[in-house]
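So the structure is just underneath, and the comments pick up after that.
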Amino acid sequence: MALVALAGLFALAFLLAGTRPPSPPAGPGAARMLGVELRLYPAADPEADWLFTAREVSYDPARKTSRIRGRVTGERRVGGELDLRLSAEEVELDRNDNLRMRRAVVEIPRECWRIELEGEGGTPVVIDQRRGFSAPRFTLTGPGVRVEGREFRSDFGLKEASWRSGREEWLSEEEVGCEN
């Protein structure tokens, strides 16, 4: 019995020796947090605040950027009311509080809009705190319509949206599937 327990301990030690602990953040002043809720108060948009939840957040003091990783979900509130929801796998938060990502889904529940935004090549999806969204490619679905196109730009309320080379498709209410 003691030999079986000893063999089990050796097996466990062997397995643990093969796993590496998470690497510490690089450079002085760097930080890494796991299982995070992060609140952002953008200086460029004092009426708004963002709440993000993610598996990991790291900060690079040399670049003054934060990287939010692992099924990132976010909510933007304006005057305390939900304005939009964001989901992405990874978000870079730059020194001006703007968000950059390869791909994101934005929902504007009040208006029943869903926007799938995609970067292309080296051009990311950008959420600029002063201006709104921009993306090389997009699909926008809302009340009665789906639009696909390129070079999407819009304010947060989609009142000043523009794009190039789009394709429109008219939908029935059942196809929209809005769940405020």
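Just so it is clear, none of the values below were taken in a lab; they were calculated from the coordinates. Quantities reported herein were computed from a predicted structural model and do not represent experimental measurements. Glycine also receives a Cβ, built like all others from the backbone with ideal geometry; neighbour counts cover every protein chain displayed.
Counting every C-alpha pair in the stretch 34-176, the share spaced more than 26 angstrom apart comes to 22%.
With neighbours defined as other Cβ atoms within 10 Å of a residue's Cβ, the residues LYS64, LYS159 order from fewest to most as LYS159, LYS64. If you take all other residues with their beta carbon under 11 Å from the beta carbon of ALA48, and give Lys and Arg +1 and Asp and Glu -1, the sum is -4.
Cβ-Cβ distance of ALA43 and GLU75, R₀ of 22 Å, FRET efficiency by 1/(1 + (r/R0)^6): the value works out to about 0.70.
If you take all other residues with their beta carbon under 10 Å from the beta carbon of VAL57, and give Lys and Arg +1 and Asp and Glu -1, the sum is +2. The residues neighbouring GLY79, those whose beta-carbon lies less than 12 Å from its own, together hold a net charge of -3 under the Lys/Arg +1, Asp/Glu -1 convention.
With 5 Å bins beginning at zero, the pair-distance distribution over Cα atoms of the stretch 24-64 amounts to 6, 20, 20, 21, 21, 10, 2, 0 %. Each residue of the stretch 50-64 is assigned a 3J(HN,Hα), and the resulting list reads 10, 10, 10, 10, 7, 6, 8, 10, 10, 10, 10, x, 5, 9, 6 Hz, derived from the Karplus form 6.51 cos²θ - 1.76 cosθ + 1.60 (θ = phi - 60°), x at Gly and Pro.
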